[in-house]
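Asks: For reference, the structure I am asking about is given below.
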Amino acid sequence: MNEPAAPSEFCEDSANVAPRRAFVRVAMGGIGLCYAAAIGYPVYRYLSAPVEKAEVLAAITEVTLPEAQKLPSGSALMFKFGPFASLLIHHRDGGWSAFDAKCTHMGCTVQFEADKDRIFCACHGGTYDPKTGVNTGGPPPKPLKQYEVKVSEAGIVVSRVKTA
Amino acid sequence: MKALAASVYQWMDERLGLEEALAFARHKTVPVHRHTFWYYWGGISLLFFLIQAFTGILLLVYYRPGPEAYDSVRQITYDINFGWLIRSAHSWAANLMIGAIFIHMFSVYFMKAYRKPREIGWFSGIGLLLLCMVFGFSGYLLPMDELAYFATKVGLEIPQKTPVIGPVIANLMRGGLEVSEFTVQRFFALHVVVLPALFLPLLGLHLWLVQKHGNAWPPAEEVKPAAERKTMPFFPNFLAKDLAMWLITLNVLAVCAALFPWDLGEQADALKAPPPGIHPEWYFMSSFMVIKLFQGAWGQAFAMGLFTLGLVLWTLVPLFDSTRHAGQRGKYATYFGLLVVVILAVTTIWAYYAVAAEIQQHAQGL
């Protein structure tokens, strides 16, 4: 503003204009943020409602699979651990193991191949050991997440491995 | 930081011509006089449209048309976080939007802003209003509660009663001989795809014409010499006031939507009689009353003919009262406008009285 300040009824004292302007700017910015939050918060909670439900579902520590003990040895079944696809294997030697079926490479769903006795991911050809879940070939960087398996007469109880 | 912002702005300006647009906006002026207040109502209607698009897209995230329609709206209203608020805002803004458009339309009418060269602005505005009413009618069915069901069942009787082609059209709109999940499904397609596809280009034309011709001077101001007429720059003065009006509008909507959450009635049941005093939304009350007043097949045809004729005359008014030197014709246009306002107001109020009386009668009968 190089021109001489025009006399105005609103600001006689031109020295006060700059701080006043700065105050108005901050106040407007603050009010704007309040509005953004007042609109943004309900919209965020609205959109995330199913996420919250799934998180509650995912927090479970144990799943009971009734009648699953009748699964023939040398075969596997898919079940849901909370919202997640998971894999229960009955080995030929009678042992059991269960894993989160999410491949550690790109999140595809793995499957048990009984004839080759391995866990295989069809998306990029990753393979895992069916007893330990250790990655044995292809691109996966780490083992599958393993669950604890307990066999009872009523069914099979799969539970989260307690980490320290 | 400032230098970076300036260089980003310059990069954009060289490619988009931002300065040209700003120069145009600064150059543009808005008339200042005692009726300037009415110039804000087009902008308010526009804000409501933007809110409808925003909340409508949010509702799309959970709404399921067809047989599950009612259940999905029940979920939105009672299960999903803040779903009641989003739905309430969508319903409230729909009604407030029609109200704002009516105010905008009547202010344009009485300020004679439809005169040359703004005729197409008027025609496109009427088109937008009619599309909004179809938006309202189709959206009203989507929750598939009792009121939605009967409003649609009765509303579709209007095309049904058109001679010869009526039943065919009504059946196609319904997707059957009665309102059913097929009706919801096709009203949904109409509401979220077909109507927006028609509305957006027409709105674009309408807004472009406002930019091209600017705000009209009301006749009383137009006769004054140019030196005595006051204006303000569109940018930043009018825009700042426009935004202030938007803020007020947003607050009004927030208060309505939060303190008076929109109701969800009982699920529609084709075998149940409607509740006593059932009536359409307020913007259909006038035609609801007129149709009630004229009985019998010929009476109804007459009532609908009357409404259609009124609408046609209303739309064509720029051709009748076309220039600022219209004199007598301008006066007749004003009288016609007042007559329309009075008829709409009287029939609407009358309709609400009739509904209240019906409810009372029913209560006494019990």
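Asks: Within region A:114-159, which trypsin sites (Lys or Arg not before Pro) sit in a loop by DSSP and count at most 13 neighbouring Cβ atoms inside 10 Å?
Replies: Hits after loop and neighbour filter: A:Lys116.
Asks: Of all the stretches in chain B, which is the longest one without any exposed loop site, taking GluC sites (Glu not before Pro) in a DSSP loop (any state but H, G, I, E, B) with at most 13 other Cβ atoms within 10 Å?
Replies: By the stated rule (loop sites, at most 13 other Cβ atoms within 10 Å), B:1-177.
Asks: For B:Leu338 and B:Lys272, what does the FRET efficiency come to when R0 = 35 Å and r is the distance between their Cβ atoms, rounded to the nearest 0.05?
Replies: Result of the calculation: an efficiency of 0.20.
Asks: What is the set of long-range amide H partners of B:Val32 at a cut-off below 5 Å, with H atoms built 1.01 Å from backbone N?
Replies: B:Lys230, B:Thr231, B:Met232
Asks: Need one number for the protein assembly as shown: average projected area of the convex hull over its C-alpha atoms, nm².
Replies: 41.6 nm²
Asks: When each pair of different Cα atoms in region A:62-160 is counted once in the 1/r mean, what is the Kirkwood radius in angstroms, to one decimal?
Replies: Every distinct Cα pair counted, the radius reaches 13.3 Å.
Asks: Starting from the 7 Å offset along Cα-to-Cβ, what nm value, one decimal, do you get for the label separation of B:Asn237 and A:Val24?
Replies: 1.5 nm
Asks: 7 Å from Cα along Cα→Cβ at both A:Arg45 and B:Ile126: what's the point-to-point distance in nm?
Replies: 4.7 nm
Asks: For region B:139-198 and region A:116-148, what is the centre-to-centre distance using only Cα atoms, to the nearest Å?
Replies: 55 Å
Asks: Per residue of region B:63-69, what does 6.51 cos²θ - 1.76 cosθ + 1.60 with θ = phi - 60° give for ³J(HN,Hα)? Whole Hz please, x for Gly and Pro, Karplus curve as stated.
Replies: Rounded to whole hertz, the list is 6, 10, x, x, x, 8, 3.
Asks: Quick one, what does Rg over Rh come out to for region B:26-277 if you take C-alpha atoms and the Kirkwood Rh?
Replies: 1.04
Asks: Could you let me know the centre-to-centre spacing of region A:23-102 and region B:31-64, using Cα atoms, in angstrom?
Replies: 38 Å
Asks: Whole-Hz ³J(HN,Hα) for each residue in region B:192-203, computed from phi via Karplus 6.51 cos²θ - 1.76 cosθ + 1.60 with θ = phi - 60°, x for glycine and proline: what do you get?
Replies: Running phi through 6.51 cos²θ - 1.76 cosθ + 1.60 with θ = phi - 60° gives 9, 10, 5, 5, x, 5, 7, 5, 4, x, 5, 5 Hz.
A short reminder: the numbers here are calculations on the coordinates, not readings from a lab. Worth saying up front: this structure is predicted, and the values here are computed from it rather than measured. For neighbour counting, all protein chains shown are included, and Cβ atoms are generated from backbone atoms with ideal geometry for every residue, glycine included.
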